[in-house]
Amino acid sequence: MKIRFMIIFIILISGCLLTAQESVKKITMPFGSFDIPENFVLKESVSTDEKYFFVLVEDSEKDGFVNNVSVEKRRNRYAKDNHFAFREAIVRQLLYQCNGKYDIDGDGYKTKKGYIVYKFIICPGEELLKERPNEPNTIQYYIIFEDNSFVLVHETTRGDDAVTDEAAECIADSFEAK
């Protein structure tokens, strides 16, 4: 198992940095707003009032698994200024859940809006891929913007998907709380 965590705080000078997509649209949710590439839409069939799933337009009518990004507001017991303790709790939980079968990498940064973001990349390890070759990859962005809650941007893909990677990063980097 590989685990590595670096704390890197970067002030982003601009919002979304896109290479594959050229334009974005603003999405407003009860807890805040964010930009998302124009070629992504809300997949209403799997979204709820608490958790919103976004997929590529061409995947919006497909049944079953499609690469996606979900966005939701969650509660926790940590004050915004105690984000290091929150990060450590996330790391402990991921280690427990992954049980040595996944590789975990992470870093942290600050958005141009001043929010702290912890990003974790979780990929199936070699042994797990032998058993389950279609096991998805996950990238999780924990956006800390107020006491006792956070926004989770959760990307799930099978294989490498730069377009979905960019969409998730765009959401996390452009998020603005209400």
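Key figures for this structure:
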quantity: Condition check for K130: open to solvent by 40 Å² or more (accessible area, probe 1.4 Å) and touching a Phe, Trp or Tyr at 6+ places or on another chain (Cβ under 7 Å); calculated: no
quantity: The stretch 155-178, subset hydrophobic (A, V, I, L, M, F, W, C) and outside any loop (DSSP other than H, G, I, E, B), residue most open to solvent (accessible area, probe 1.4 Å); calculated: A162
quantity: In the stretch 133-154, residue farthest from the chain's Cα centre (by Cα) [restricted to those that are free of Cβ contacts under 8 Å to residues at least 60 places away in the same chain and surrounded by 13 or more Cβ atoms within 10 Å (Cβ to Cβ)]; calculated: E135
quantity: Strands (runs of 3 or more DSSP E) contained in the stretch 33-106 and holding at least 3 residues touching a residue at least 12 places away in the same chain (Cβ under 8 Å), open to solvent by less than 60 Å² (accessible area, probe 1.4 Å) and out of contact with any Asp or Glu (no Cβ under 7 Å at 6 or more places or on another chain); calculated: 51-56, 68-75
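The values are calculated or read from the model by the stated rules, or taken from the named source; none is laboratory data. Note that the structure is predicted; figures quoted are calculated from it, not measured. Quick reminder, even Gly has a Cβ in these numbers, built from the backbone with ideal geometry, and neighbours come from all protein chains shown. Note: areas computed on protein heavy atoms with side chains; ligands, DNA, RNA excluded. Shrake-Rupley method; radii C 1.70, N 1.55, O 1.52, S 1.80 Å.
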